[in-house]
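Participant: Can you keep this structure in mind? I'll have questions shortly.
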C-alpha cells in the first residue's frame, strides 16, 4: 500500500507582530520634510541648506533642512533646471530640454559658464571634489566631466535605465533609479554597482549629500524630501511580505516485477525564522511524527521510511508549510566589512574545508583563486572579484548533472548548482567561508508548480554575517542586474537548506534526498515537486482550496 499522501492545510489570520511597513527599517529613513514644490527635481547641499530645482517654474529654491521652510527663491539661468549640484560656491545646473550645463553663482546671479552635455541629455549632477559627474538619461550612462568645459573623462553604464539624481559621498556615487524605485551605490573607478536600497518614496528624483555620510532624497511623486542613513542603518531591508502555502512532495512508484526495499527520503527542515522568512506554524507532515535527525552541519531533517514497496504500489511523503516571505536586501558598505581575521574560528575552519565536489585543494582551483583575488584583503572585494570572474567565465546551461569546479573552469558553462559549487570552491580557496542556501522557487504565477528549484551561495562577511550571493542569477548585462544577486533575495524563494556540502544525510542535494534498494529486477520511477499558493498582495491571507481573502 502507498503511504500517506501529503495533506493540504490553510492559513489562519494573517496577523503578526512582524512589521511590513517599508519605513520600519531600523534607521535607514531618518525623517522627511515637505518639498517647497509638488514635484521636486534634483537637490544640492551647500553645507548649510538644501537647494531644490523647480523644473516647472524655472526657479531654484533654498530651504531650511530642519523643516523645509523657504529661505530664498531665485530664477535659474535656464528654463527647465533638472540636475543640480554645489561646487566651489557655485551651483552646477543641467537643463534637460536644452541639454546644457550652466555654472551659476547664486550670490551674484551671474552665469559664469555654459556648455552642452555629451549627449544633449541629463537629469542629475554630482561633484567629487575635482570633477563633475552627470547622470545621462539619454545615453544611459554615468559620465565624469571636466567641470569648466564638459569634456568627458570617463563614462560607464548606469545601473539601470533612466538614471536620475546623483550624489558623491565618501568615495562612491549614489544614483536614483525611478523605474524600480531604488538608490544604487556605484564605485566610480569601475562603474560597478556595489549595493542598493529601496527608495523611501515611489519616484526618487533627486539626491544630495548630507552631513555624516547621509543622503537627502527628493521624491517626485509624494513631494517629500527624506534624510537617509545607509551607513548607520540595520544592514538589511525587507519588503513586500507575502503569505504562502508551500507543499513539498516526493513519490516513488515500483512498476515491478521485483521488490523495492528500504526506501528512505530525507527532507530539509526549514528554519522557523530568517531575516525574510517566517514560519506561521509548524510544518504538517504526511505522517504525524517523522524521524528527526541533524547532519554534521547542524541541518535539521525529517525522515520518512518504507521497508517494502511491492510492484504496482507507491511510496509518497512530504510536508506542507505556511510561511510569510519577503524580499531581502542587504546594504553592504565595503568599508564596514571587517577583516578575515574577525571571522569566528569555527566558521572559518568548517566553511573553508574541502569537499569532493569542491576540489578546493586542486592546483587549478588554487591557482585560479589566487589569480582572481591578487593582493585584495577586504572580504567584500574578495567575494566580489570571484563573483565577477565566475559570471564572466561561465554561461548558464542546464543540462543535468553537477560537474566539479575543474571541469567548469575548462568548459565554461554550468547550471545554478554548478555556478554555486564553483563560486564556493574559489571563495574557500581564497580563505573566505562559503556555503550554499537553497529552496523552492515560485514559477511565475501565484499558484504554480516547481520541479526545478534553485540553489545559490552564501559568504560570511565580518560585521554582516552570512550574505546570499547568486552567481547564476547575477550573470546579467547591467550593473544593476549584477548587484541584484549580491545580498538580495526575492520573496519568490522558500528557503529549506543551509549547508556546507557533503552532508551525511542530504549528500550534495537540497530540499530532499532519497535512497532505496531493490530485490530482483525493478522498473522504478521517482518524482518530486513543490506546489506554491501565494497571496496576490501584501496583507492578504490564504484559505484552503486556493481562495484569497483580506483579513
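Participant: Take residue 546 and decide whether it is more than 19 Å from residue 351 (Cβ to Cβ) and either modelled with pLDDT under 95 or surrounded by fewer than 21 Cβ atoms within 10 Å (Cβ to Cβ) (or both).
Facilitator: yes
Participant: Hey, any hits in the stretch 227-234 for a residue that's touching a strand residue (DSSP E or B) at 6+ places or on another chain (Cβ under 6 Å) and free of Cβ contacts under 8 Å to residues at least 60 places away in the same chain?
Facilitator: no
Participant: Does residue 480 fit the bill of being part of a helix (DSSP H, G or I) and either at pLDDT 95 or above or within 23 Å of residue 278 (Cα to Cα) (or both)?
Facilitator: When the stated conditions are applied, residue 480 passes them.
Each row is one residue, and each column tells you yes or no for (1) in the same structural domain as residue 358 (by TED's automatic domain parsing); (2) surrounded by fewer than 23 Cβ atoms within 10 Å (Cβ to Cβ); (3) in a strand (DSSP E or B).
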residue	(1), (2), (3)
455	yes, no, yes
472	yes, no, no
476	yes, yes, no
491	no, yes, no
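Participant: Next question, about the same structure. Taking the stretch 66-87 as the region of interest, how many residues are in contact (Cβ under 8 Å) with a residue 12 or more places away in the chain and assigned to a loop (DSSP other than H, G, I, E, B)? Let's see the steps before the verdict.
Facilitator: Step one: filter the stretch 66-87 for residues in contact (Cβ under 8 Å) with a residue 12 or more places away in the chain, giving 66-68, 70-71, 73-87.
Next cut, assigned to a loop (DSSP other than H, G, I, E, B) only: 66-68, 76-80.
Matching residues across the stretch 66-87 total 8.
Participant: Filter the stretch 411-423 for residues that are in contact (Cβ under 8 Å) with a residue 24 or more places away in the chain, closer than 18 Å to residue 372 by Cα and touching a helix residue (DSSP H, G or I) at 6+ places or on another chain (Cβ under 9 Å) and give the result. It would help to see each step written out before you state the result.
Facilitator: The first filter runs over the stretch 411-423 and keeps only residues in contact (Cβ under 8 Å) with a residue 24 or more places away in the chain, leaving 414-423.
Now drop any that are not closer than 18 Å to residue 372 by Cα, which leaves 419-423.
Selection gives 419, 421, 422, 423.
Participant: Sticking with this structure for a sec: Residue under question is residue 501, and the condition is that it be part of a loop (DSSP other than H, G, I, E, B), on the phi > 0 side of the Ramachandran plot and crowded, with 20+ Cβ neighbours inside 10 Å; does it hold? Even if it seems obvious, please write down each step before you answer.
Facilitator: Working: part of a loop (DSSP other than H, G, I, E, B): yes; on the phi > 0 side of the Ramachandran plot: yes; crowded, with 20+ Cβ neighbours inside 10 Å: yes.
The answer is yes for residue 501.
Participant: Tell me, which helices (runs of 4 or more DSSP H) lie completely within the stretch 363-450 with 2 or more residues that are under 21 Å from residue 464 (Cα atoms), modelled with pLDDT of 95 or more and in contact with a strand residue (DSSP E or B) (Cβ under 9 Å, 6 or more places away or on another chain)?
Facilitator: 379-393, 416-429
Participant: List the pairs whose first member sits in the stretch 269-280 and is assigned by TED's automatic domain parsing to the domain that holds residue 458, whose second member is part of a loop (DSSP other than H, G, I, E, B), and whose Cβ atoms are under 6 Å apart, counting only residues at least 6 apart or on separate chains?
Facilitator: Cβ pairs passing all conditions: none.
Participant: Given the criteria closer than 30 Å to residue 257 by Cα and assigned by TED's automatic domain parsing to the domain that holds residue 304, does residue 515 qualify?
Facilitator: Answer is yes for this residue.
Participant: Next question. Got a sec? Which of 358, 426 is closer than 25 Å to residue 334 by Cα and surrounded by 21 or more Cβ atoms within 10 Å (Cβ to Cβ)?
Facilitator: 426
Participant: Scan the stretch 39-58 residue by residue and report those that are buried (at least 24 other Cβ atoms within 10 Å of the Cβ) and part of a strand (DSSP E or B).
Facilitator: 43, 44, 50, 51, 52, 53 - these are the residues of the stretch 39-58 that are buried (at least 24 other Cβ atoms within 10 Å of the Cβ) and part of a strand (DSSP E or B).
A quick yes/no check of all residues on (1) buried (at least 20 other Cβ atoms within 10 Å of the Cβ); (2) under 17 Å from residue 46 (Cα atoms):
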| residue | (1), (2) |
| --- | --- |
| 93 | yes, yes |
| 98 | no, no |
| 103 | yes, yes |
| 107 | no, yes |
| 112 | no, no |
| 117 | yes, no |
| 124 | yes, yes |
| 127 | yes, yes |
| 132 | yes, yes |
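Participant: What number of residues within the stretch 526-541 are over 19 Å from residue 493 (Cβ atoms) and at pLDDT 95 or above?
Facilitator: Of the residues in that region, 2 qualify.
Participant: Could I ask something else about it? With the requirement that a residue be surrounded by fewer than 22 Cβ atoms within 10 Å (Cβ to Cβ) and over 30 Å from residue 504 (Cβ atoms), what does the stretch 242-278 give you?
Facilitator: Selection gives 255, 256, 257.
Participant: Let me ask something else about it. Going residue by residue through the stretch 513-525, is there one that turns out to be in contact with a helix residue (DSSP H, G or I) (Cβ under 7 Å, 6 or more places away or on another chain), on the phi < 0 side of the Ramachandran plot and modelled with pLDDT of 95 or more?
Facilitator: Among the residues of the stretch 513-525, not one is in contact with a helix residue (DSSP H, G or I) (Cβ under 7 Å, 6 or more places away or on another chain), on the phi < 0 side of the Ramachandran plot and modelled with pLDDT of 95 or more, which makes the answer no.
Participant: Give the residues of the stretch 166-175 that are surrounded by 24 or more Cβ atoms within 10 Å (Cβ to Cβ) and either farther than 16 Å from residue 138 by Cβ or outside the structural domain of residue 199 (by TED's automatic domain parsing) (or both), sorted by residue number.
Facilitator: Listed by number, the residues that qualify are 167, 173, 174.
Participant: Using the structure shown, decide if residue 295 is crowded, with 17+ Cβ neighbours inside 10 Å and over 29 Å from residue 241 (Cβ atoms). Give the steps one after another, and end with the answer.
Facilitator: Details: crowded, with 17+ Cβ neighbours inside 10 Å: yes; over 29 Å from residue 241 (Cβ atoms): yes.
So residue 295 passes the test.
The values are calculated or read from the model by the stated rules, or taken from the named source; none is laboratory data. Bear in mind that the values here come from a model prediction, so they are computed numbers and not experimental data. Neighbour counts run over all protein chains shown; Cβ positions are idealised from the backbone, glycine included.
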